[in-house]
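A.B. asks: Here it is, the structure, as structure tokens.
Nothing in this text is a laboratory measurement; each read-out follows from the coordinates by a stated rule. Source: prediction; values computed, not measured. Cβ atoms come from the backbone with ideal geometry, glycine included; neighbour counts cover every protein chain shown.
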Ligand SMILES: Cc1cc2nc3c(=O)[nH]c(=O)nc-3n(C[C@H](O)[C@H](O)[C@H](O)COP(=O)(O)O)c2cc1C
């Protein structure tokens, strides 16, 4: 069985899934483990929803209809600074270009690029999707940090069990549609979606793994600290 460190290293974003459900018992275990995340003063400010079956199909249909008719995404918060700092922008560009190259999508191939974007709006075909959020009426930067721990726990626990996931900001592009399909979410700020499932065997796209920076670009030993 994998160690926690092995799961951290092996996890990657999965964008093609087998046509099977993550069993209830594993979903329960993963959610329970994810809820052990730390949070400021143990506030546990996260809200987590799982959508599957007909409910997910109905949600996907509305999402795809919105995307196809050009409805402008209207997420409940802005994920990144605008503009991105130059070095972040160059990494984001490199990642996008590398993913398109990996999928054999050329610069001028607007149809394939749009099809690629569209895959986000049916959650890469996953049969189950988590949505993580918090209270729209009361949140701050730290709230997002706490919710991020839960999201990471979910991804790592799934990887540990041989399942995959893809964190998705695009999955919360249309909060009004999410509210229509997920009851009692009037006061929910949707933060991210997380399609989950068994990674498709021999999937080419699932082999994509963008590189990480050498740690000395973002990690410094201070004073007498060393490793
Ligand atoms: C909060 C969050 C939102 C993301 N949103 C999307 C998304 O909408 N679509 C997508 O294809 N990938 C999305 N990603 C995946 C990133 O592109 C991916 O994590 C990054 O390129 C590193 O690759 P890896 O996850 O395979 O290690 C998101 C990642 C995070 C953490």
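A.B. asks: How long are the semi-axes of the ellipsoid equivalent to the chain, from square roots of 5 times the Cα gyration tensor eigenvalues, in whole Å, largest first?
C.D. replies: Taking √(5λ) for each eigenvalue gives 26, 24, 21 Å, largest first.
A.B. asks: Another question, if that's okay. More than 20 angstrom separation, counting every C-alpha pair in segment 106-180; what % is that?
C.D. replies: 47 percent
A.B. asks: Taking the number of other C-beta atoms within 10 Å as the exposure measure, put 15, 91 in order starting with the fewest.
C.D. replies: 91, 15
A.B. asks: If you average the C-alpha positions of segment 146-166 and of segment 177-193 separately, how far apart do those two centres end up, in angstrom?
C.D. replies: Computed from Cα coordinates, the inter-centre distance equals 20 Å.
A.B. asks: Take the alpha carbon gyration tensor of segment 137-197, find the square roots of its eigenvalues, order them as a ≥ b ≥ c, and report rounded if a/c is under 1.5; if not, report prolate when a/b exceeds b/c, else oblate.
C.D. replies: Taking the square roots of the gyration eigenvalues as a ≥ b ≥ c, segment 137-197 is oblate.
A.B. asks: GNM, the chain, Cα, under 10 Å: largest mean-square fluctuation among 141, 174, 163?
C.D. replies: The residue that fluctuates most here is 141.
A.B. asks: Still on this structure, please answer the following. Please order 205, 129 by the number of other Cβ within 10 Å, starting at the fewest.
C.D. replies: The most exposed by this proxy come first: 205, 129.
A.B. asks: Ranking 202, 55, 62 by Cβ neighbours within 10 Å, fewest first, what do you get?
C.D. replies: 202, 55, 62
A.B. asks: Calculated from DSSP H runs of 4 or more alone, at -39500 (n - 2.57) each and per residue, what is the 222 nm mean residue ellipticity of the chain, nearest 500?
C.D. replies: -12500 deg cm²/dmol
A.B. asks: When the convex hull of the C-alpha atoms of segment 94-224 is computed, what volume per residue in Å³ does it have?
C.D. replies: In segment 94-224, the Cα convex hull volume per residue is 171 Å³.
A.B. asks: Could you work out which residue, out of 214, 73, 85, moves most in a Gaussian network model of the chain, that is, has the largest mean-square fluctuation with Cα springs under 10 Å?
C.D. replies: Comparing 214, 73, 85 in the GNM, the peak value goes to 214.
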